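Chemist: This is the structure I want to talk about, given as structure tokens.
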Amino acid sequence: MQLYSNKFSRGTRPRWLLEESGLACEIVNVDMAAREHKSEAYLKLHPHGVVPVLVDGDTRIFESAAITLYLADKVPGLAPEIGTRARGEYYQWAVWSMVTLEPGVTKVFYELRKPEAERDAAVIAEGTRMYHECLRVLTDAIEGREWLVGDTFSAADILVIAIVAWAGVMKLNEGFPVVEAYAARGKARPAFLRARS
Ligand SMILES: N[C@@H](CCC(=O)N[C@@H](CS)C(=O)NCC(=O)O)C(=O)O
């Protein structure tokens, strides 16, 4: 397998999974500053010209969450068994991370990337409101427990914590100590750090 990624991208999600699992996979750095992700060769791998994408034999899988979940199923211990209630909760949090949690963070991120004079405070406020609504839900879910599903760390934690960590860089987690502690547990895992190296 080859994971086409960049260490400053959403590719760190499947990369974290790889580091947790020990699965053999070549990491191919996509030089985004050089616009490699828009090259003709790369567009053959990922039709949207974004990272990451996984090549597994003659299969290509894009979407960071899909790749992470796909890889998790290749090893024991990082995903609950198919057909169990825990598997249902696992799907819930994985889909929630992409569809409900990430959009508010993305809204703030793209606004903050603009020169200060061009930023729209209303967009930042709306993105923050959307994200904080999710952090209230996450607080209720994680309070008194270590990980989201059962007693064990899973790929759902990777997807959620990766986004919370990203939001933390923008100081969006202040006032949510339970979530901050949960993210700190994930970020303390050696595999999290290796995924960013
Ligand atoms: N939903 C996609 C988003 C992928 C994405 O937007 N990747 C960013 C880096 S984090 C990218 O490649 N951006 C370059 C561009 O939009 O040109 C995923 O999670 O894989």
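Results for (1) in contact (Cβ under 8 Å) with a residue 60 or more places away in the chain; (2) charged (D, E, K, R), shown as yes or no for each residue.
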residue: PRO14; (1), (2): no, no
residue: GLU20; (1), (2): yes, yes
residue: TYR42; (1), (2): no, no
residue: PHE62; (1), (2): no, no
residue: ARG85; (1), (2): no, yes
residue: VAL95; (1), (2): no, no
residue: PRO103; (1), (2): no, no
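Chemist: Exactly one condition in (1) in the same structural domain as GLY150 (by TED's automatic domain parsing); (2) open to solvent by less than 10 Å² (accessible area, probe 1.4 Å) is false for VAL99; which is it?
Modeler: Every listed condition holds for VAL99 apart from (2).
Chemist: Applying the selection to the range 151-173, what residues are farther than 18 Å from PHE192 by Cβ and open to solvent by less than 40 Å² (accessible area, probe 1.4 Å)?
Modeler: The answer is MET170, LEU172.
Chemist: Then there is this: What single numbered condition from (1) free of Cβ contacts under 8 Å to residues at least 60 places away in the same chain; (2) in contact with a Ser or Thr (Cβ under 9 Å, 6 or more places away or on another chain); (3) surrounded by fewer than 22 Cβ atoms within 10 Å (Cβ to Cβ) fails to hold for HIS48?
Modeler: (2)
Chemist: Let me ask something else about it. When the range 1-32 is examined, which residues are found to be open to solvent by 40 Å² or more (accessible area, probe 1.4 Å) and over 21 Å from LEU78 (Cα atoms)?
Modeler: Matches in the range 1-32: TYR4, LYS7, PHE8, ASN29, ASP31, MET32.
Chemist: Now, a different point. Out of the range 143-181, which residues are without any contact (Cβ under 8 Å) to a residue 60 or more places away in the chain and in a loop (DSSP other than H, G, I, E, B)?
Modeler: Listed by number, the residues that qualify are GLU143, GLY144, ARG145, GLU146, TRP147, LEU148, ASP151, LYS171, ASN173, GLU174, GLY175, PHE176.
Chemist: Please find, within the range 120-147, the residue that is nearest to the chain's Cα centre (by Cα) out of those that are exposed (fewer than 15 other Cβ atoms within 10 Å of the Cβ) and over 19 Å from GLU180 (Cα atoms).
Modeler: Residue satisfying both the conditions and the ranking: ALA125.
Chemist: To continue, here is another question. Which helices (runs of 4 or more DSSP H) does the range 1-105 wholly contain that include 2 or more residues that are more than 12 Å from the ligand (Cβ to nearest atom) and in contact with a helix residue (DSSP H, G or I) (Cβ under 6 Å, 6 or more places away or on another chain)?
Modeler: Correct list: 12-21, 64-72, 85-96.
The values are calculated or read from the model by the stated rules, or taken from the named source; none is laboratory data. Remember, predicted model here, so these are calculated numbers, not experimental data. Here Cβ is always computed from backbone atoms with ideal geometry, including for glycine, and neighbour counts include all displayed protein chains. Please note that ligands, DNA and RNA were not included when accessible areas were found on the heavy atoms of the full protein model with its side chains. Shrake-Rupley method; radii C 1.70, N 1.55, O 1.52, S 1.80 Å.
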